[in-house]
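Step one of this worksheet: look at the structure below.
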Amino acid sequence: MNEQESKFSRRDFFKGAVASGVAATTVGLMAACSPQAKGKGNDTPLSSTGDIAWDVETDVLVVGFGAAGASAAIEAKRGGAEVTIVETTEAGGGSTVLCGGFIYLGGTPLQEQLGVKDSVEETLKYMTAAAGPYANQEALKIYCENGPDTYQFCIDCGIKFGENLDLNHGVSGRAGIGLAYSGNELQAPYRDIAVPAPRGHSTGDACGKGIFEPMKKTVEAEGIQVVYGANAERLIRDETGRVIGAEVTCDGKQQYFRAAKAVILAGGGFTMNRDMIDANNRFTTPFGGPIGNPNELGTCIKMGQEVGADLFGMSQICYTCFIYGTDTSTAKAILVDKTGRRIISETSYGSWVGEALMANGPEAYLVFDSALKGSFDGSGDSPEFEAGAIAGATEFEAGTITELAEQLGIDPLSLENTVALYNTFAEQGEDGQFGKEPEYLAPIATPPFYARPYGSESAFYTSEGGLKTDVESHVISVSGDVIPGLYAAGRCSSLIYGHYMGSGTSIADCITFGRIAGQNAAAETA
Ligand SMILES: Cc1cc2nc3c(=O)[nH]c(=O)nc-3n(C[C@H](O)[C@H](O)[C@H](O)COP(=O)(O)OP(=O)(O)OC[C@H]3O[C@@H](n4cnc5c(N)ncnc54)[C@H](O)[C@@H]3O)c2cc1C
């Protein structure tokens, strides 16, 4: 066996972001509640709501200060309500501040400015096809129709997008880039369903900070009260079943926050709650680690369930693995499973690759020749690609495809057939199997040949799904009714997934339905 130790250690490109999230939480747990919170905690039983001595009284109480909570709070305040946000950490930001900085929108002034032809209609066609039938179709329509307005909201908050267009596939924010293809727009069949357009509006290398910090400044400028180090534990209802507030732990003390109009749950997903992930995982194959902030524990989902809320889309956990990164030439290789067959177009967005690995795994290999290896090996330009490869895995090398297959334990005939077919596609300039773009078709013909292990355990996961809401962001009960006084937005809720359609769809969803929640909560009667 002619093996060589892989130089491609798992250099998870999200590692730094996650580490900073841990630090923020530690500070948050030690922090006292803001001095703005008045009154004393008490132990009044929640069943006798009339007797509760409220510590804080407001119109709209928002739980969680990420993109969804900030958007909801801003709109509720602009709608004339007094608004209080409770945030368990010291600084807020959640997964929003850790994110790649993409916001997925179509028909915006930035697209026009950069010469991109796009529209709400084409965006909706792509989103509908990519999300699949499981997604709430009405919600997708609202998301897309609101796109230009969502963009304006971002600009008004002070979010700055880069000034340049990237016509390649974008994965993470890069200096100066304002617009990139951040989904599967260029892939078959999507490119035939909707005119492809770059819709990933990017804050460049400012990433998630470029989104959250301007939002935070806007919240402060609007005079919205934010109570940090305040962990919401339970919702409080009155005798009619209406949600009227929440029990919040501040500095180790129980406090009662009254919301005269409504409570908006915006505490993020359940990525970091392994029990919830295991309970909703739809695959039997092993997978990699979580990507999120440490407080993505599903607490808002549980709080909603305790007052009778239904759930939606919990099993749509997103498994992601990128074949390419800043250097997209790695996508010229082929991804084969243990039977030696290609399993997907290699330029597919990471959530499609992750799903393919989960469905065809656990073992898969990225196969390439020395001509291609020369174009990316050791360049260091593709941390996402390195992140995708299995940690500490051995890279295989052989003089022929037959020998390579033997090393991998794959039927040589099968791998030879796959490579021969792919080489025909490369020669003809058309991928007859998966429709990969012609510029990513290159023959695998120059020995030695290589295979890099790329199994399902390199797929990281994030939760999708959460509290069932309607398109007005009301939380819906298991009996199908609106729970009075309760809204939810962002990753603790779920409307638009389906399959994860690309980078930026989550933040855009948080803003769209967070704003709707805020507007409707402000319009409630106190
Ligand atoms: C590394 C990474 C990169 C990503 N890149 C992108 C991208 O480029 N584009 C995109 O669209 N999406 C991206 N995502 C996904 C996106 O960041 C999240 O889906 C989104 O930020 C969720 O926003 P949110 O407001 O729902 O929750 P969060 O931003 O997580 O905010 C929730 C807040 O609630 C607080 N909280 C939780 N429970 C409680 C409680 N009980 N009481 C009080 N406070 C509570 C948390 O501390 C947190 O601050 C990325 C995610 C990660 C992890």
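The values are calculated or read from the model by the stated rules, or taken from the named source; none is laboratory data. As the structure is a computational prediction, the values presented were derived from the model and not from experiment. No Cβ is skipped: glycine too gets one built from the backbone with ideal geometry, and neighbour counts run over all protein chains shown. Calculation scope for accessible area: heavy atoms of the full protein, side chains included, ligands and nucleic acids excluded. Shrake-Rupley method; radii C 1.70, N 1.55, O 1.52, S 1.80 Å.
On the stretch given as the stretch 376-420, residues that are open to solvent by 50 Å² or more (accessible area, probe 1.4 Å) and either under 15 Å from residue 334 (Cα atoms) or modelled with pLDDT of 75 or more (or both) total 9. Among residues of the stretch 490-510 being part of a loop (DSSP other than H, G, I, E, B) and modelled with pLDDT under 95, the one that is nearest to the ligand (Cβ to nearest atom) is 503. Under the condition of being surrounded by 17 or more Cβ atoms within 10 Å (Cβ to Cβ) and among the hydroxyl-bearing types (Ser, Thr, Tyr), which residue from the stretch 260-293 is farthest from the ligand (Cβ to nearest atom)? So the residue we want is 285. Every listed requirement among (1) surrounded by 24 or more Cβ atoms within 10 Å (Cβ to Cβ); (2) within 12 Å of the ligand (Cβ to nearest atom); (3) not small (Gly, Ala, Ser) is met by residue 461 save one, (1). Here the stretch 178-200 is the region considered, the condition is being open to solvent by less than 30 Å² (accessible area, probe 1.4 Å) and over 20 Å from residue 353 (Cβ atoms), and the residue that is farthest from the ligand (Cβ to nearest atom) is 194. Just so you know, in the stretch 73-105 the residues that are more than 14 Å from the ligand (Cβ to nearest atom) and part of a loop (DSSP other than H, G, I, E, B) include one that is most open to solvent (accessible area, probe 1.4 Å), and it is 82.
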